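Written below as structure tokens is the structure these notes are about.
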Amino acid sequence: MDLKIENVSKTYANGLKALNNINLTIEKGMFGLLGPNGAGKSSLMRTIATLQEPDSGSITLGNINVLQDKTALRKTLGYLPQDFGFYPKVSALSLLDHFAVLKGISNKAERKQIVDALLQQTNLYEARKRYVSDYSGGMRQRFGIAQALLGSPRLVIVDEPTAGLDPMERNRFHNLLSEIGEQVIVILSTHIVDDVSSLCQKMVVMNKGSIMLSGTPAEALDTVKGKIWRKYVDKHEVAGYRSNFHVISAQATGGRFVIHVYADSSPDGGFEAIDGGLEDVYFSTITKN
């Protein structure tokens with residue numbers, strides 16, 4: 001069962017073209033949607049999740065016509081938005097049970113079994129009686145995944161799930177998403193390159209409402225092979241290099257700056273060739289003219 005997005009476009013009332021003729025086929029597993037803030041990632045996620053209508057195009061999930069049968073899609077969708085609310089002074093156990101009722105799981109014994117299993121899966125069972133409002137950021141995100149998995153969805157969408165998490169929580173969340181991705185389609189929308197590099201079998205880079213690059217992480221790395229050049233410079237020199245070369249990144253390190261330039265050959269004698277990483281792919285893609 002694949003998710004197929006064909007010729008999807010969306011322009012908002014203020015004239016912003018959020019989605020520009022998007023075409024994607026997404027199979028079971030982890031799929032990375034990588035791009036800067038404002039790239040159109042959240043607009044695409046909201047459109048797939050039937051939270052907004054596109055101006056044109058079609059979306060199907062297996063035999064479900066998503067735009068014509070929103071109810072069918074919602075029955076098989078798990079969605080963790082970038083920001084989600086929660087009731088104050090309600091325990092994780094009670095809140096997840098409430099969401100399960102809303103999802104149509106009416107049998108009390110079955111519901112208890114499902115809720116307990118999800119709390120175990122997300123490593124929240126020991127904290128199930130605590131208020132969700134008292135959870136740490138990482139615990140809240142794991143609770144968000146627990147509610148997204150209610151009803152055994154075939155498609156799970158997570159929007160910027162690791163932003164703001166500490167390294168330990170981020171690692172725990174990665175492991176959880178990887179486990180989920182073995183069974184269903186998981187779309188991971190993020191601007192964090194390492195999340196895609198660590199988790200996703202396939203990916204796209206999106207910017208200004210368009211798909212700029214598509215493929216596996218290995219295929220993406222091939223696009224910068226032999227084309228990334230590094231040089232250490234003083235801060236006041238960075239602007240000059242930006243004027244003369246395609247500088248894709250400049251990072252302060254040890255009192256100086258290390259710049260990466262995308263070029264077919266050495267920009268000048270002071271540069272060294274390096275193996276480009278996925279971050280270089282990302283920066284070179286979104287900084288193209």
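The values are calculated or read from the model by the stated rules, or taken from the named source; none is laboratory data. In this text the structure is predicted, and so the values were computed from the model without any measurement. Cβ coordinates were reconstructed from backbone atoms using ideal geometry, including for glycine residues, and neighbour counts include every protein chain displayed. In case anyone asks, the SASA skips ligands and DNA or RNA and just uses the protein heavy atoms, side chains included. Shrake-Rupley method; radii C 1.70, N 1.55, O 1.52, S 1.80 Å.
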Helix 108-121 vs. the chain, principal-axis angle (Cα, 0 to 90°, nearest 10): 30
Share, in percent, of DSSP beta bridges within the stretch 2-216 that are antiparallel, nearest 5: 50
Alpha carbon convex hull of the stretch 109-251, projected area averaged over orientations, nm²: 12.2
Cα pair count fraction exceeding 18 Å, expressed as % - the stretch 169-231: 45
Reachable lysines from Lys89, criterion Cα separation under 17 angstrom, eight or more residues apart if same chain: Lys129
Mean separation of Cα contacts under 8 Å (6+ apart) over length of the stretch 2-216, as relative contact order %: 31
Angle in degrees between helix 167-180 and the longest Cα principal axis of the chain, rounded to the nearest 10: 60
Projected label distance in nm at Ala13 and Gln251, using a 7 Å step from Cα toward the beta-carbon: 4.3
Alpha carbon convex hull of the stretch 52-119, projected area averaged over orientations, nm²: 6.4
Whole-Å semi-axes of the chain's equivalent ellipsoid (Cα gyration tensor): 39, 23, 16
Along the chain, longest interval not containing exposed chymotrypsin sites (Phe, Trp or Tyr not before Pro), exposed being DSSP loop plus at most 14 other Cβ atoms within 10 Å: 85-289
For the chain, calculated [θ]222 nm from helices alone, where every DSSP H run of n ≥ 4 adds -39500 (n - 2.57): -9500 deg cm²/dmol
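Rounded to two decimals, what is the ratio between the C-alpha radius of gyration of the stretch 236-289 and 2.2 N^0.38 Å?
For the stretch 236-289, the normalised Cα radius of gyration comes out at 1.10.
Using the heavy atoms of the protein chains and a 1.4 angstrom probe, tell me the accessible area per residue for the chain in square angstrom.
That works out to 49 Å² per residue.
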Translational diffusion coefficient (Stokes-Einstein; Kirkwood radius from C-alpha pairs) of the stretch 1-127 at 25 °C, 0.890 mPa s, in µm²/s: 145
